[in-house]
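*Asks:* Have a look at the structure that comes next, please.
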Amino acid sequence: MKFSFIKSRDSRSNLLVREISYIAKMDVWKSIKIKRTFRQIRMEKIFRSSLVLVALSILVLVIAFLFTLIVQSMPSIKALGFSFLFGKTWDPVANVYGTYPFLLGTLFTSFLALIISIPFSFSIAIFLGEYYPRGWFSEFLKNSIELIAAVPSVIYGFWGLFVLVPIVRSMELKLGVTPYGIGIFTSSLILAIMIIPYAASLGREMIRMVPSSLKEAAYSLGATRYEVIKTVILPYSKSGLFAGILLSLGRALGETMAVTMVIGNTSIIPKSIFDPGNTMASVIANEFTEAASTLYLSSLIELGLILFLVTVLINLIGKKIIKRFTTD
Amino acid sequence: MENTILKAIDFDAYFGENHVVKKINMEIPKNNVVAVMGPSGCGKTTFLRCINRMHELIEGATTKGKMMLNNEDVYGMHPIFVRHKIGMVFQRPNPFPNLSIYDNVIAGYKLNGMKIAKRDKDIIVEQSLQKAALWNEVKDSLHKKGTFLSGGQQQRLCIARAIAMEPEVLLLDEPTSALDPISTSNIEVLLHELKNNYTIIIVTHNMQQAGRVSDKTAFFYMGELIEYDITKNMFTNPQDKRTQNYITGRFS
Amino acid sequence: MPQNIQYRLGKSKAFKGFIIFLSVLCTLPLFLILIYILKEGFTKINWHFLVNLPKPVGETGGGIANALIGSLLIVFYAAIIAIPFGIMGGIYLSENKKSRLSYWCRLSVDVLQGTPSIVVGIVIYFWIVKPLGTFSALSGSIALAIMMLPIVVRSTEETLKLLPSTLKEAGLALGLPYHKVILRIILPCGFSGVLSGIILAVARIAGETAPLLFTAFGNPYFSTNILKPMQSLPLLIFNYATSPYDEWHDLAWGAALILLIWVLLLNIITKITTRRWKIQF
């Protein structure tokens, strides 16, 4: 009892001491505060301007990107002009550079991949956006789709080379076409798998954004689920779905490694989808380090420039559509 | 007046083209509680935010006129110094969610790059929390996150955080509008204690609150200062018709 | 009439079945790939494989130590370059929503995000490799850093945008300097979002091959010199997979499994980070 009395008196006097020392020290703290603050104000200015500098440097980076590509492809632009785009032969040994076969190869693989992937990506979008937005299987499906996007493209190429190519070859044997195995068709298959996640995840978001009042209105008129999807959901989200397709296309056009590994790398104009060929990206990957002459190197860079402009344009259009859709 | 601490001279504030605070002339005496009231959208919060230069953080916001703190224009100082001298508490309690209660109180020092001995820090934290009447409730959980406190406790933590910097003026922007009645009365009691050390300007749309806590009251309407007087006079004998209408509840 | 309804309901059911079928079918290739790589790679991986260098053609055994260390180094340096830039850029964009510079900066980030990785390789070849006169790990890191940048910028911007503005006001009203408010309050509050963006970006570049073809180039020997060519896992897989030798294919399978595990692990960590370190308001 006595002890606790002493303790409480002690703590009270302690408090008093503290109060006094607090008041006494206040002036000291205040003067430190003022001195420190001048330094902080200088730091603040540095910080603000370095933020601007970083933002500016990102912009400069992209401009320099474009500039480098243009400057380096100048020799080929000057020497070859439009024959570069429509020339049907690519023969570095004879110093002839026509990229028509690659343009064709790129368009073939990308659009074929797109056609193959669209039913799948739309199915997933409808599955996750409309039928089963929740539940363990939907989580599983969603995560699997994300993993498809996460697997490195070189692994797709490797797997394609050792698993898909033999399958396609035996299929080609049955069809009676030259059984290369590698070629545009195989590349398209691989690409189709790789680009599914892009259109699927975007499509899912867009389908989720369809107002339920619209759907309910259709249901109340006696529409079946299929009719609601067909007449309400898909028309409402069509611009979003289209943007998803564009992003997939941009991805397919620029994809390099998987395609390089299974397309066959021949610079001859492909006659059918089962022929080997080359895409713009795969030519660059294959020949860039061996390009000895200036014109050779420069025409490869011009290919890169075209690829850059086309994919960036497609991406920007896609993003613009998404933005307009989501802000409406 | 001898003991005037804050003085607005022909003060205007704008949001872009919008003239929201018009030609305010107002003197605030030291160690008083001054309530600023008026219907919503009357510019009272904007005026408050002009005092410690928070208004200018909003894009397109500008001001005109003078705001004298101890005969020194606030708009001639660096905002950081202004805000050290004029603390602020907001409508909704906003303790830093990434910091503990202890670090929240000391944040003004610590994040200004000041190195203070641990013992001194303890003293600052304890004194500030005691002044904010929160010490007894949180002294055992000083190192827990501030966001686990109740709304009223969080608001008192924000007051403690503001007074730890030993400001001369404390601005309160409807500090109880997000709180329950018990927390509200706790904070009102606290204001009485605090005015011994600080000058307090409180914005409120609650007339009863203005009547309970303040020494002087200002009535804002459509961006103008209509009337400014001792609180008792204001409520018993308003000079302006508009003030009377507001007090008797004839405005919305 | 009832027949018509039955027909419509049947059609609806059939459509649903069709959608489910296609959706499930989609996961098939993923699991085929995972299982195949696991099967092929698992038998190749052992201690020896992880610590040894590749053997010349004709000799069995050998490992991928050089690619493993090389990949780690190249990705590490890329992250060191890209993270501060990306976070600063993200802060600028979230703080200046409407300025003209932020419009152009945002556009630039979109452009970078859409740039094919092989093009990044070309440009860095002219910026770094040619002036230095040699392929180098450094140039590879810079190329990968550019691939990382848009992801980090975007995730930082999106995260910080969602934080309540009252938080920033609280800091500034306390008389804290702007940089402390941002770096010590705003950024820590958005920590989980920023971190998961960074990990996702690392996962993305860890598997990138195309930008390394003309920059880091690859190296059959062990090297930690960032000014010299360096091997990396994706490069090793590409070079050995397209070679005609079975021993090299074996190495490539093992390397593919390791790369796959690495990338998938990073993706899983991203998921956990987003869930775990959410700060409550």
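*Asks:* What nm distance separates the two modelled labels at residue C:52 and residue A:177, each placed 7 Å from Cα along Cα→Cβ?
*Replies:* Placing both labels 7 Å along Cα→Cβ, they lie 4.3 nm apart.
*Asks:* Going by Cα centres, segment C:221-276 and segment A:266-281 are how many Å apart?
*Replies:* 29 Å
*Asks:* May I ask which residue of C:83, C:173, C:101 lies farthest towards the positive end of the charge dipole of chain C, with charges of +1 (Lys, Arg) and -1 (Asp, Glu) on Cβ and the Cα centre as origin?
*Replies:* C:173
*Asks:* Now for a different question. Anyone know which of A:91, A:27, A:275 comes out most mobile in the 10 Å Cα GNM of chain A?
*Replies:* Of the options given, A:27 has the highest mean-square fluctuation.
*Asks:* Say we join alpha carbon atoms closer than 10 Å with springs in a Gaussian network model of chain C; which of C:135, C:21, C:31 then has the biggest fluctuation?
*Replies:* It is C:21.
*Asks:* Let me ask something else about it. Sort out for me the Cα centre separation of segment B:71-148 from segment C:45-103, rounded to whole Å.
*Replies:* Rounded to whole Å, the Cα centres lie 41 Å apart.
*Asks:* Where a Cα-Cα gap under 28 Å defines reach, which lysines qualify for residue C:44, not counting those fewer than 8 residues away within the same chain?
*Replies:* C:55
*Asks:* Stick to the Cα atoms of segment C:2-44, pair each with every other, and give me the Kirkwood hydrodynamic radius in Å at one decimal.
*Replies:* This gives a value of 13.0 Å.
*Asks:* Check residue B:227: other-chain or 5+ apart residues with amide H under 5 Å from its amide H, H built from backbone geometry?
*Replies:* Answer set, sorted by chain and number: B:219.
*Asks:* Further, regarding this structure: Give me the net charge of residue B:191's neighbourhood, meaning all other residues with Cβ under 14 Å from the Cβ of residue B:191; Lys, Arg count +1, Asp, Glu -1.
*Replies:* 0
*Asks:* Give the average, rounded to an integer, of partner chain Cβ atoms located within 10 angstrom of each Cβ in C:9-20.
*Replies:* That average works out to 5.
*Asks:* Can you figure out the FRET efficiency of residue C:261 with residue B:22, using R₀ = 41 Å and their beta-carbon distance, to the nearest 0.05?
*Replies:* 0.05
*Asks:* Here's a follow-up. How large is log10 of I(q)/I(0) for segment B:77-196 at q = 0.10, 0.13 Å⁻¹ when the intensity is taken from the Debye formula with one equal scatterer per alpha-carbon?
*Replies:* -0.27, -0.46
*Asks:* Pop the C-beta distance of residue A:52 and residue C:158 into the FRET formula with R0 = 22 Å and round what comes out to the nearest 0.05.
*Replies:* E(calc), rounded to 0.05, equals 0.60.
*Asks:* Restricting things to Cα coordinates, could you compute the convex hull volume per residue of chain A in Å³?
*Replies:* Convex hull volume per residue, Cα atoms: 318 Å³.
*Asks:* Got the relative contact order for chain B handy, in percent, Cα pairs under 8 Å and 6 or more residues apart?
*Replies:* 28 percent
*Asks:* Given the -39500 (n - 2.57) contribution per DSSP H run of 4+ residues, what per-residue ellipticity at 222 nm results for the protein assembly as shown, rounded to the nearest 500 deg cm²/dmol?
*Replies:* Roughly -20500 deg cm²/dmol at 222 nm, from the helical runs in the protein assembly as shown.
*Asks:* On a straight-distance basis, which aspartates and glutamates could pair with residue B:30 in a cross-link, Cα separation under 12 angstrom, same-chain partners fewer than 8 positions away excluded?
*Replies:* Residue B:30 reaches B:2, B:168, B:215.
*Asks:* In this model, which of B:64/C:180; B:118/C:161; B:22/C:97; A:142/A:215; A:30/B:145 are farther than 31 Å apart at the alpha-carbon?
*Replies:* Over 31 Å Cα-Cα: B:118/C:161.
*Asks:* May I pose another question? If I take every Cα pair under 8 Å that is 6 or more residues apart in chain C, average their sequence separation and divide by the length, what percent do I get for the relative contact order?
*Replies:* This gives 26 percent for chain C.
*Asks:* List the lysines whose Cα lies under 17 Å from the Cα of residue C:11, skipping any in the same chain that are fewer than 8 positions away.
*Replies:* Result set, ordered by chain and number: A:230.
*Asks:* Would you kindly work out the equivalent ellipsoid of segment C:1-111 from its C-alpha gyration tensor and give its semi-axes, the square roots of five times the eigenvalues, largest first in whole Å?
*Replies:* Largest first, segment C:1-111 gives 46, 38, 9 Å.
*Asks:* Over 35 Å apart: what share of the alpha carbon pairs of chain B falls there, rounded to a whole percent?
*Replies:* Of the Cα pairs, 14 percent sit more than 35 Å apart.
*Asks:* Here's something else I'd like to know. What nm value, rounded to one decimal, do you get for the distance between residue A:27 and residue A:111 when each label is placed 7 Å out toward the C-beta?
*Replies:* 8.6 nm
*Asks:* Is there a simple number for the mean count of other chain Cβ atoms within 10 Å of the Cβ of residues in A:46-53, and what is it?
*Replies:* 5
*Asks:* Spin-label point model (7 Å from Cα, Cβ direction): what's the residue A:95 to residue B:244 distance in nm?
*Replies:* In this crude label model, residue A:95 to residue B:244 measures out at 10.2 nm.
*Asks:* As an exercise, use a Förster radius of 22 Å and the Cβ-Cβ distance of residue B:62 and residue C:99 to find the FRET efficiency, rounded to the nearest 0.05.
*Replies:* 0.80
*Asks:* With Kirkwood's inverse mean 1/r over C-alpha pairs for Rh, give me the Rg to Rh ratio of the protein assembly as shown, two decimals please.
*Replies:* When Rh is taken as the Kirkwood radius, the ratio is 1.07.
*Asks:* Looking only at other chains, what is the average number of their beta-carbon atoms within 10 angstrom of each beta-carbon in C:103-110?
*Replies:* Per residue, the number of nearby Cβ atoms from other chains is 6 on average.
*Asks:* Two decimals, Cα atoms only, Kirkwood Rh: what is Rg/Rh over segment C:49-277?
*Replies:* On the Cα set of segment C:49-277, Rg over Rh gives 1.06.
*Asks:* Same structure, new question: Around residue A:297, under 12 Å between beta carbons, what's the net of Lys plus Arg minus Asp minus Glu among the other residues?
*Replies:* Residues near residue A:297 contribute -2 overall.
No value in this document is a laboratory result; all are computed from the given coordinates. Computed from a prediction, not measured in an experiment: that's the story for all the values here. FYI the Cβ positions are ideal-geometry reconstructions off the backbone, even for glycines, and counts take in every protein chain you see.
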